[in-house]
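Just so you know, all these numbers are worked out from the coordinates, no wet-lab data involved. This structure is a prediction, so every number in the text was calculated from the model and none was measured. Positions of Cβ are generated from backbone atoms using ideal geometry, with glycine treated the same way; all protein chains shown enter the neighbour counts.
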Amino acid sequence: MDIVKIVGIGIVAVIIITIIKQYKPEFAIYVSIIAGILIFFMVFEKLSGIISLINELTSKANINSEFIKILLKITGIAFLAEFAVQICMDLGESALANKVDLGGKIIIIALSIPILSSLVETVVQILP
């Protein structure tokens, strides 16, 4: 059960952070980042399996693989931006967290332009 391992890492990290904050509060963020990275690598195998399945279904359904690649990039950017936002929030830097969030959203919009333009082209072709 991977979830038990993930929850275990989270609980152990919180306990360590609580203890470290009493003596060296500046090191608490390092424990948080390391725990986040460990959890990410634990779920990475599942994520790569999901990506393989999506690619397989895309090829069977004859869907443009470029759109799927864009959607996967967008999903990755959303996850990374959220991870960075949460780290900023943990450090009490809500203004910086908002900037990272805005930057992630802008990059996502920029990446989605080819999909949006293709959608518009399709709608224009359908309309008389």
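Could you tell me whether any residue of region 38-46 is touching a Leu at 6+ places or on another chain (Cβ under 8 Å) and part of a helix (DSSP H, G or I)?
No, the conditions are met nowhere in region 38-46.
Residues of region 66-83 being under 14 Å from Ala110 (Cβ atoms) and among the small types (Gly, Ala, Ser), which ones?
If the condition is that a residue be under 14 Å from Ala110 (Cβ atoms) and among the small types (Gly, Ala, Ser), then Ala78, Ala81 are the ones that fit.
Look at Lys73 and say whether it is surrounded by 14 or more Cβ atoms within 10 Å (Cβ to Cβ) and among the basic types (Lys, Arg).
yes
Hey, can you tell me all the residues within region 81-97 that are in contact (Cβ under 8 Å) with a residue 12 or more places away in the chain, part of a helix (DSSP H, G or I) and over 16 Å from the mean Cα position of the chain (by Cα)?
Within region 81-97, Asp90 is the sole residue that qualifies.
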